[in-house]
1. Hey, for a label at L31 modelled as a point 7 Å past Cα toward Cβ, could you say which residues of region 57-91 have their backbone N under 13 Å away?
2. Calculate how steeply helix 282-291 sits against the longest principal axis of the alpha-carbon atoms of the chain, using the helix alpha-carbon long axis, and give the answer as 0 to 90 degrees to the nearest 10.
3. Report the extension gain between K109 and H157 in nm, rounded to one decimal, defined as 0.36 nm multiplied by the number of residues separating them, less their alpha carbon distance.
4. Given the options P188, P399, P383, state which has the largest fluctuation in a GNM of the chain using a 10 Å cut-off (strictly under) for Cα springs.
5. For region 57-74, just list the computed ³J(HN,Hα) in residue order, Karplus coefficients 6.51, -1.76 and 1.60, θ = phi - 60°, integers in Hz, with x standing in for Gly and Pro.
6. For region 6-56, with only Lys/Arg (+1) and Asp/Glu (-1) charged at the beta-carbon, what is the dipole magnitude about the Cα centre, in debye rounded to 20?
7. Between E297 and S418, what length in nm is gained on full extension when 0.36 nm per residue of separation is reduced by their alpha carbon distance?
8. Could you work out, for region 237-317, what percent of all Cα-Cα pairs fall into each 5 Å distance bin, beginning at 0 Å and stopping at the bin that holds the largest distance?
Amino acid sequence: MLEERISTSNIKSGSVVVAGWVREIRDFGKLKFIILADREGEVQITAKANEVESEILEIIDKLGKEDVIVVKGNVRENEKAPGGKEIVPEKIEILNTSERVLPLEIRSKAKAELSTRLDNRFLDLRKKEVLAIFKIRSQVANAIREFFHENGFIEIHTPKIVASATESGANVFPILYFEKEAFLAQSPQFYKQACVVGGFEKVFEIAPAFRAEKHHTIRHLTEYTSVDAEIGFIKSHEDVMKVVENLIKYIFEKVLERCKKELNMLNVELSVPKLPIKRITMREAYKLLEKEGYSVEYGDELNTEAEKLFGKIVKEKFGTDFVFLTEFPWKVRPFYTYRKENEPEWTKSFDLIYKGIEIVTGGQREHRYEILLSQCKEKGVTPEKIEFYLKMFKYGAPPHGGFGLGLDRLIMLMLNLSNVREATLFPRDPERLEP
Ligand code: 4AD
């Protein structure tokens, strides 16, 4: 029967075969209903004593929620049925059974605790709102690939087992690698730069990044999906921001075009951001915050609270959810960052803030060997430990820059989810290593 199977979204008329999970059973003795669910939706199976073989009623008596069945039957109009159609079964086959007590209710209106949901993620994924999140995430990834390919970027795949930290030494995961010291990659930073120096000019990667961060926040994971890009022959970080904003615009346009049903299901109203996205320097941001009575030490980063307040100020003052925070202090940026020519305490770098949370970090990179070496020492990075990286700047490195975008955070904020874990299939955090 399975080879004739059609999706519940394709049910029109005549004889059909559908397969899926028994989501609900309603039993009125001589009249029994099954709500059968598959990826695309649900359909009602209606079995009346005088309309179906008695064997069918016996099979339905044996069924429990989340059993997997295949049903052959005839489609009939019924305005009371969900979707206006029902199937009168001729044959029901049980493909597999489920335990009778479920650790998680799939159709329940009451929201289960996130930890219970994640412990039973395989069941949680059967909820249509959860599926909608991942259908959208799939389309976002698709749009990202399309955007980069259309704009001449080459997709790369860089190693995730690495010999050194790239962002800061504090949050790398050490791993056992035979007799050597090794880590899980925090970012493809050095390798994406290596590809540009290697002559690829424009590259991108969508891959996991690992951070040993013991934070318990709604926006930190220990493994997240990073969208990285690196671009050669730029004039400044401004060229990188242009790519970021065009990418964001493209993603929003495609999601609006392709995910109407899913956005409706999640009650999300999206609008495509207007370009150019507002740029505000860190120095201006300190002043804006100061005016609201929140003072940040000159040259410091914005903490979570300040970032949130900054997002709020920008929303009220400029009516936008997106803002580029530019010219970060040298003090808080990694050694590879390009400093402003006449103001070396400030850098040619930026973050993109969306609804008060950082989703992108980027900037121009220092490509001049001697300066890079001295910046490296200034930040306390041992040059011998990153010799392979430094070496490439001796053989003709063009000016370049790039960015890293946290995909999980983007999805969380785009869909108004309350936690980044909801945007991630099987999230990893300091406590969670399974499922
Ligand atoms: O700000 P980060 O650490 O920057 C880099 O990795 C640079 N190599 C990027 C570059 O090309 N200059 O991380 C970039 C983005 C953040 O803005 C955030 O969206 C996401 O990655 N991110 C995390 N997402 C979830 N959990 C975490 N622990 C994250 N850490 C960073």
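All of the numbers you see were taken from the coordinates with simple rules; none came from a lab. These numbers were taken from a predicted model, which means no experiment stands behind them. Note that each Cβ is placed from the backbone with ideal geometry, even for glycine, and that neighbours are counted across all protein chains shown.
1. Correct set: 79-81.
2. Tilt of helix 282-291: around 70 degrees.
3. Values: separation 48, 0.36 × 48 = 17.28 nm, distance 4.19 nm.
Value of the extension gain: 13.1 nm.
4. Fluctuation is largest for P383.
5. Along region 57-74, the couplings run 5, 5, 5, 4, 4, 7, 6, x, 4, 6, 5, 9, 10, 10, 10, 10, x, 10 Hz.
6. Values: 7 positive and 8 negative charges, 24 e Å.
Value, rounded to 20: 120 debye.
7. On the way: separation 121, 0.36 × 121 = 43.56 nm, distance 2.96 nm.
So the extension gain works out to 40.6 nm.
8. 3, 12, 18, 15, 16, 16, 11, 6, 3, 0
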